[in-house]
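Before anything else, here's the structure in question.
The values are calculated or read from the model by the stated rules, or taken from the named source; none is laboratory data. Quantities reported herein were computed from a predicted structural model and do not represent experimental measurements. Methodologically, a virtual Cβ is constructed for each residue, glycine included, from the backbone with ideal geometry; neighbour enumeration extends over all protein chains shown. Surface areas here come from the heavy atoms of the whole protein model, side chains and all, with no ligands, DNA or RNA. Shrake-Rupley method; radii C 1.70, N 1.55, O 1.52, S 1.80 Å.
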Amino acid sequence: MLLFKNIKSLVGVHTAQTSLLRGAEMKNLPFLSNAWLAIENGKIKAFGEMSNMPSEQNFEEVINAEGKFILPTWCDSHTHIVFAAPREEEFEMKIKGKSYEEIAAAGGGILNSAKKLQIATEDELYHSASKRLIDLIRLGTGSIEIKSGYGLTTDAELKMLRVIKRLKNTFPIPIKATFLAAHAYPAEFKNNHEGYIQLIIDEMLPKIAEEKLADYIDVFCEKGFFSNEETERILNAGLKYGLKPKIHVNQLSISGGVQIGVKKHAVSVDHLEEMDNDAINCLGQSNTIGTILPSCSFYLGIPFANARGLINANAAIAIASDFNPGSTPSGNMNFVVSLACIKLKLFPEEAINAATINGAAALELQNEVGSIAIGKCANLILTKEIPSLAFIPYSFGQPQIDAVFINGKIYNG
Ligand SMILES: N=CN[C@@H](CCC(=O)O)C(=O)O
Ligand SMILES: [Zn+2]
């Protein structure tokens, strides 16, 4: 048994019934000042104020957290961390002013990543993704979603998903896998979209279902990628195998993809940089979570999502990293939380809820992670001595984490 004592503030002590916050509720981030927290068998056992702390003698280890905050680890519900190689050759093109679409048209982008991934071995992909994941956990991420989508052939998509399965089996944090073969049309299907869709539906999906390799299905619904009709067909096919949608929509244009996601009961619709009132209201009246990826806007120089408009429309917002080699070469959720405050104009409480309890809901892990509640995993961030909770996002780019605990143990990678 482990005991944290003298915690300056134990943050995110939501009631056991709270699993998702929407609209004005997102401002509610309950905390206990001058608190203790007990961990047993990797789970949160009990907590309270120092005035009623149990005897220290009952514990094998006692950590004095004076001056420090404890909060649940970040739940990163949207990443692409399995890839063969970074794409810093595109960085200079970007600096010179080329857009994401122009870089893709010049032979960069997703197809460039797919070419490299197709010739990488499963072991190579596992080792490079492992290194990234270790770094992310050290930065406070304690649950994560990982997508395929750089394979674009049956073999390479299966290879990616098997790598994710291996990560699930070897890492101590909860991981969800998303099947994203509909990320881009491979060159050989450029003029034969029907052929690629049939490959996804008739060949890839049955194999993935048989090996139980995915939890969700995703489509990049966007002009020049997958149309609304194509998106709906692929989602329907995934749903037949029990894969719920979590989709890329409205990143570069207003497409109607949000409405498709809502109609198909998507767990989340992600990106949302380009929204109109219809899409905002549709999301606000639905049970689908709007997942915003501010690091992507930051890196690509595209608009930041209208988070306040969504909150005012009573939507439930999560924030995630989108870590990938093209649009977001960073998975640092501390920076995501800072950007959410600085650029999305979320209050620190809203941003932290979006990165914890609502991120957990976007991973359907609300019973395991995302808040300080009895029975949940002891996946915790212990901060350095800091003056306030707002100091975390305020001091952007400055590491404020003293230690990360996964299942009640200090994580050293
Ligand atoms: N937009 C689609 N997919 C990724 C980028 C993929 C890439 O450029 O490699 C994203 O979420 O931003
Ligand atoms: Zn993405």
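Report the Cα centroid-to-centroid distance between region 52-123 and region 305-373 in angstrom, as an integer.
Each part reduced to its Cα centre gives a spacing of 14 Å.
For the chain, give the magnitude of the charge dipole about the Cα centre (Cβ charges: +1 Lys/Arg, -1 Asp/Glu; no others), in debye to the nearest 20.
Rounded to the nearest 20 debye, it is 460 debye.
Right, something else. How would M50, M204 line up by accessible area, probe 1.4 Å, largest first?
Correct descending sequence by accessible area is M50, M204.
Once you have a ≥ b ≥ c as the square roots of the Cα gyration tensor eigenvalues for region 173-313, tell me rounded if a/c is under 1.5, and otherwise prolate or oblate according to whether a/b is larger than b/c.
prolate
Something else now. So who's got an amide H within less than 5 Å of the one on S143, skipping anything under 5 residues away but keeping other chains? H placed 1.01 Å off N, in plane.
D76
Give the shape of the chain as rounded, prolate or oblate, defined through the alpha-carbon gyration tensor: a ≥ b ≥ c are the square roots of its eigenvalues, a/c under 1.5 means rounded, and otherwise the shape is prolate if a/b is larger than b/c and oblate if not. List each step's numbers first, then the result.
Working: a/c = 1.83, a/b = 1.62, b/c = 1.13.
Here the chain falls in the prolate category.
Does region 189-233 come out rounded, prolate or oblate, given a ≥ b ≥ c as the square roots of the eigenvalues of its C-alpha gyration tensor, rounded meaning a/c under 1.5 and, failing that, prolate meaning a/b above b/c?
It comes out oblate by the Cα gyration axes.
Using only the heavy atoms of the protein chains and a 1.4 Å probe, how would E385, E61, E273 rank by accessible area, largest first?
The residues order as E385, E61, E273, largest area first.
Compute a Gaussian network model of the chain, connecting alpha carbons closer than 10 Å, and tell me which residue from I119, I392, I319 fluctuates the most.
Looking only at I119, I392, I319, the largest GNM fluctuation is found for I119.
Now for a different question. I'd like the accessible area for F405, computed on protein heavy atoms only with a 1.4 Å probe and all protein chains in place. Round to 10 Å², please.
Its accessible surface works out to 10 Å², give or take rounding.
Report Y299's accessible area, 1.4 Å probe, all protein chains in place, as a number in Å² to the nearest 10.
So the heavy atoms of Y299 present about 50 Å² to solvent.
Tell me, what is the per residue accessible area of the chain in Å², probe radius 1.4 Å?
Heavy-atom SASA per residue in the chain reads 39 Å².
Amide H neighbours of S321 under 5 Å, counting only residues 5+ apart in sequence or on other chains, H built in-plane at 1.01 Å?
Under 5 Å from the amide H of S321 lie the amide H atoms of S77, H78, each far enough along the sequence or on another chain.
At what distance in angstrom do the alpha carbon centres of region 192-267 and region 6-21 lie from each other?
Between the Cα centre of region 192-267 and that of region 6-21, the gap is 35 Å.
While we're on this one: Mind ranking K98, K190, K176 by accessible surface for me, highest first, 1.4 Å probe? Let's see the in-between values first.
On the way: K98 100, K190 145, K176 35 Å².
Heavy-atom accessible area, descending, gives K190, K98, K176.
Here's something else I'd like to know. Which percent of the accessible area of region 75-362 is formed by carbon and sulfur heavy atoms (probe 1.4 angstrom)? Show your work: numbers first, answer last.
Details: 5350 of 10330 Å².
Carbon and sulfur atoms account for 52 percent of the accessible area of region 75-362.
Heavy-atom accessible area of F189 with all protein chains present, probe 1.4 Å, nearest 10 Å²?
40 Å²
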